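Structure first, commentary second.
The values are calculated or read from the model by the stated rules, or taken from the named source; none is laboratory data. The model shown is predicted, which means the values in this text are computed figures rather than measured ones. Counting neighbours? That spans all protein chains shown, and the Cβs are built from the backbone with ideal geometry, glycine included. The protein model used for the area step is the full one, side chains on, heavy atoms only, and it has no ligands, DNA or RNA in it. Shrake-Rupley method; radii C 1.70, N 1.55, O 1.52, S 1.80 Å.
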Amino acid sequence: MESKQQSNGMMKENNAVKKKVNWSGSLIVASLTGALGSSFLYGYNLSVVNAPAGYIKKFYNETWERRYGFSVDEGTLTLLWSITVSIFAIGGLVGAIIVTPIVKFFGRKCTLVLNNVFAVAAALLMSLSLLAGSFEMLILGRIIMGVDAGISLSALPMYLSEISPKEIRGSLGQVTAIFICIGVFTGQVLGLPEIFGQESRWPFLFGAIIVPSLIQVVILPFLPESPRYLLLEKHNRSKAEKAFQKFLGKDDVSQEIEEVLAESRAQRNTKLVSVLQLLRTRAVRWQILTVVVTMGCYQLCGLNAIWYYTNNIFSESGINHETIPYVTLSTGAVETLAAVFSGLVIERLGRRPLLIGGFGLMIVFFAVLTVSLTLQNTVHWLPYLSIFCILAIIASFCIGPGGIPFVLTGELFQQSQRPAAFMIAGTVNWLCNFAVGLLFPFIQAGLQTYCFLVFAGICFAGAAYLFFVLPETKNKTFHEISQAFAKRNKVTLEMQEMNHYPGERKASEEQESNFTSSVDNGETKRGIV
């Protein structure tokens, strides 16, 4: 009886420990600063080209006429503008492909800091293009900015997932999505006519990119590197302990160190795997497929189509053309508020309900929007229903599908697999982004308002897959999440622990012994990468 009471007391104490999580100052500053110079700039560059579009096209035409003595034809102008917008995704794909060796060599934090070289170079090129009379500088700046975004959208979630305690890993991971939304909203605000949305001021919209980049460069170097990277890849236990202490705000981090070492012992190897090795590893097949599905649905679920229709729907509702830019701010505000809400509730509700529920709500509002757009000329109040549906779809996207895919990519893979996994996720993300930009005009021309039914179908497919496949990852260690997929991958736990790296099982026992010795001594052994 006494032992039972002691056991119950220990369980209560453990639960209390789990609930008590310290948001240290270093953890907050690292997440906010990391996101400001990374995902914020991604969101900002998504929206910043919308407001000055007419002025930039005029600049293209004037430059063409000055060079060749005649105005550019409409088809060529449209092509130049399409390239300017879509080439951002090509740069993002390049960044996603090169991020793996960069984060391996420089680390997560240093990658974020060094990535600002791309951001500053792009900002200078784009902001000086009007002065230099060269639209090629603007296009080149867009592709370089895309490279910056491709790197940061992999390195930032990786960094955040590795510095945060598992109890708040989802909330901290949502910082990526929140700052994307804040970036979009900031681009809309700065693009207003009273600020930089004028013909003589639009270059300042691109020059403003330098500000968050410089803030990150000034602050982030003084914060620790990812402790998991320091321990598992650099084998420096003393630095890892100091990093954990600073991020967690406590002196005793032995439990966190032991969790990381337990993951390492389970893997039997700390050598980073390549993308090809990861794709050939049976123990992570369903994790890879889950990341591909969530990232694919993230881009293909139709939010880009919503932005395309927004101005037309506002016009149909009787809103003055000059007033539309101010009304459009409501979409950015709703997006930001929904992302913040998701960050606040993700550790209570979990990843599954927010993802599946978000896609489910999008299906409902896409169906209603299709009906209201089709019949809006017959009933006078239907345009207002369309506006409500637009805001509801944006909110539904941001509470789950808009940010959780980045969180999941960091959670579903163990340390040595994570860089390759983010490379796969980033590649899918940017390829789908480019495909939407390329194919949506044709889909819209062919189906008109019924194009939203295509996106509803994609949302349904994504929700159904996640309902049957995705386990809840809330409050679980990376090793526990890996174990949750073991049965679906048709591998035993022993196989999953020993077979992460095809062709390297013979050396695993020796490498584990060497690794344990190296972290105990705080030094790097030659045989381990």
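Miscellaneous remarks
- Matching residues, segment 444-467, being without any contact (Cβ under 8 Å) to a residue 24 or more places away in the chain and within 24 Å of the chain's Cα centre (by Cα): Gly457, Ala464
So that you can scan it fast, the table gives a plain yes or no per residue for (1) among the β-branched types (Val, Ile, Thr); (2) modelled with pLDDT of 90 or more; (3) under 27 Å from Cys432 (Cα atoms):
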| position | (1), (2), (3) |
| --- | --- |
| Leu36 | no, yes, yes |
| Tyr44 | no, yes, yes |
| Gly54 | no, no, yes |
| Leu79 | no, no, yes |
| Phe105 | no, yes, no |
| Phe118 | no, yes, yes |
| Ala122 | no, yes, yes |
| Ser129 | no, yes, no |
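- Flag if Val72 is under 23 Å from the mean Cα position of the chain (by Cα), among the aliphatic types (A, V, I, L, M) and either modelled with pLDDT of 90 or more or farther than 30 Å from Phe247 by Cα (or both): no
- Val284 vs. criteria within 20 Å of the chain's Cα centre (by Cα), buried (at least 20 other Cβ atoms within 10 Å of the Cβ), modelled with pLDDT of 90 or more and closer than 20 Å to Gln483 by Cα: no
- Scanning segment 49-63 for residues that are among the β-branched types (Val, Ile, Thr) and either closer than 15 Å to Ser82 by Cα or open to solvent by 40 Å² or more (accessible area, probe 1.4 Å) (or both) returns Val49, Ile56.
- Taking segment 36-79 as the range and being free of Cβ contacts under 8 Å to residues at least 12 places away in the same chain and in a loop (DSSP other than H, G, I, E, B) as the test, the residues that pass are Gly69, Phe70, Ser71, Asp73.
- Scanning segment 248-258 for residues that are of a type in the set (A, V, I, L, M, F, W, C) and either open to solvent by 50 Å² or more (accessible area, probe 1.4 Å) or not in a helix (DSSP H, G or I) (or both) gives a single hit, Val253.
- A single entry from Met158, Met145 fulfils the requirement of being under 17 Å from Asn429 (Cβ atoms), more than 15 Å from the chain's Cα centre (by Cα) and in a helix (DSSP H, G or I): Met145.
Results for (1) more than 30 Å from Ser47 (Cα to Cα); (2) polar (S, T, N, Q), shown as yes or no for each residue.
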{"residue": "Leu214", "(1), (2)": "no, no"}
{"residue": "Leu223", "(1), (2)": "yes, no"}
{"residue": "Arg228", "(1), (2)": "yes, no"}
{"residue": "Leu232", "(1), (2)": "yes, no"}
{"residue": "Ala243", "(1), (2)": "yes, no"}
{"residue": "Gln277", "(1), (2)": "yes, yes"}
{"residue": "Trp286", "(1), (2)": "yes, no"}
{"residue": "Asn304", "(1), (2)": "no, yes"}
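- Against the test of being farther than 21 Å from Gln216 by Cα and buried (at least 16 other Cβ atoms within 10 Å of the Cβ), the options Ile83, Ile102, Ile139, Ile151 yield a single qualifying residue, Ile139.
- Residues satisfying the stated conditions in segment 391-404, i.e. surrounded by 21 or more Cβ atoms within 10 Å (Cβ to Cβ) and not polar (S, T, N, Q): Ile393, Ile394, Ala395, Phe397, Cys398, Ile399, Gly400, Pro401, Gly402, Gly403, Ile404
- Of all residues in segment 353-390 being surrounded by fewer than 16 Cβ atoms within 10 Å (Cβ to Cβ) and among the polar types (S, T, N, Q), the one that is modelled with the lowest pLDDT: Asn377
- Residue tally, condition open to solvent by 10 Å² or more (accessible area, probe 1.4 Å) and closer than 15 Å to Pro212 by Cβ, over segment 154-168: 0
- Residues (crowded, with 16+ Cβ neighbours inside 10 Å and closer than 27 Å to Gln188 by Cβ) located in segment 64-79: Leu77
- If you filter segment 300-349 down to residues that are outside any helix (DSSP H, G or I) and crowded, with 19+ Cβ neighbours inside 10 Å, you find that the one that is modelled with the lowest pLDDT is Gly302.
Per-residue answers, yes or no, for (1) open to solvent by less than 50 Å² (accessible area, probe 1.4 Å); (2) touching a residue at least 40 places away in the same chain (Cβ under 8 Å); (3) in a helix (DSSP H, G or I):
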residue	(1), (2), (3)
Ile219	no, yes, yes
Glu225	yes, yes, no
Arg228	yes, yes, yes
Ser238	no, yes, yes
Glu241	no, no, yes
Lys246	no, yes, yes
Leu272	yes, yes, no
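- Members of segment 172-195 that are open to solvent by 30 Å² or more (accessible area, probe 1.4 Å), part of a loop (DSSP other than H, G, I, E, B) and out of contact with any Pro (no Cβ under 8 Å at 6 or more places or on another chain): Glu194, Ile195
- Test for Ala96: is it open to solvent by 10 Å² or more (accessible area, probe 1.4 Å) and part of a helix (DSSP H, G or I): no
- Residue match in segment 197-211 (condition: of a type in the set (Gly, Ala, Ser), free of Cβ contacts under 8 Å to residues at least 12 places away in the same chain and surrounded by fewer than 17 Cβ atoms within 10 Å (Cβ to Cβ)): yes
- Cβ-Cβ under 8 Å pairs, at least 6 apart or on other chains, segment 410-421 side over 14 Å from Arg108 (Cβ atoms), far side part of a helix (DSSP H, G or I) and aromatic (Phe, Trp, Tyr): Glu411/Phe478; Phe413/Phe478; Gln414/Phe478
- When Phe413 is tested against (1) buried (at least 17 other Cβ atoms within 10 Å of the Cβ); (2) in a helix (DSSP H, G or I), just one condition goes unmet, and that condition is (2).
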